[in-house]
Structures are given as structure tokens and as C-alpha cells.
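To keep things clear, I will list the structure first and then write my remarks on it.
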Amino acid sequence: MSVDTVKAFFAKVTSDPELTKKAKAIGTSDWKATEAFAKSLGFDFDDDDLIAYHKQNLPSSADLDEAELSSVSGGTVSAIAVAAAGVGVAAVGSAAAVTQTTSSGGW
């Protein structure tokens, strides 16, 4: 179990349209379901791995530019908005990592 495993899982899901479709059905708010989905694909990681991945891959609120700040203040929910809010709760942090990682795949 490691951050690399989480990264590999997200890469696989975003590169396969069928897996992306399944991931969208699961959503990003149920991180236990995300972990179960990953396990069904042969990826084994836990909450701590998701949190570590989140910390490594989401910018701090100090890294936001004007456009991102505007997006946050305008009500757009994104991984950057979650990071800007300083969310440290494991469930939300993990969901934010999923959202940020898969945003290019639309998940």
C-alpha cells in the first residue's frame, strides 16, 4: 500500500472510459466505495494512502492564483476549492484527491 498505488489506480481509471463511467457512478464523496472499487481492480490502499496522495497532489491555498480564487468565491466546487478551505478531514480530503486527480477524465 502506498501513494504510488493510489496514483496508479487514478491513472488506470482515467485512461479507460468504462472504468471512468463506473467511477462516476460511485462518485467522490464515498471514499470507502472508492477504496472498494480500487480493490476490485487489484489496487490495495487505505485512508492514509489517500490522504498522503491528497497532501502531495493538491496545492496549498497559498498556491491559488486570481482565477482560482475567483472560481472558489463564485461557488465552483473543485479540488482547489477544497484545498483552499483547508479541509483536513480524511473523507473529504480523499474525495478531493479523487476529484483533482480525475478532473481531466471528467470523474
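We did not get these values from a lab; they are worked out from the coordinates using the rules stated. Just so we're clear, the structure is a prediction, and the values are computed from it rather than from any experiment. Here the Cβ is made from the backbone with ideal geometry for all residues, glycine too, and neighbour counts use every protein chain on show.
The modelled label-to-label distance between D65 and D16, using points 7 Å beyond Cα along the C-beta direction, is 3.5 nm. Pairs spanning more than 18 Å between alpha-carbon atoms, out of K12/K39; K7/K55; K24/K55: K24/K55.
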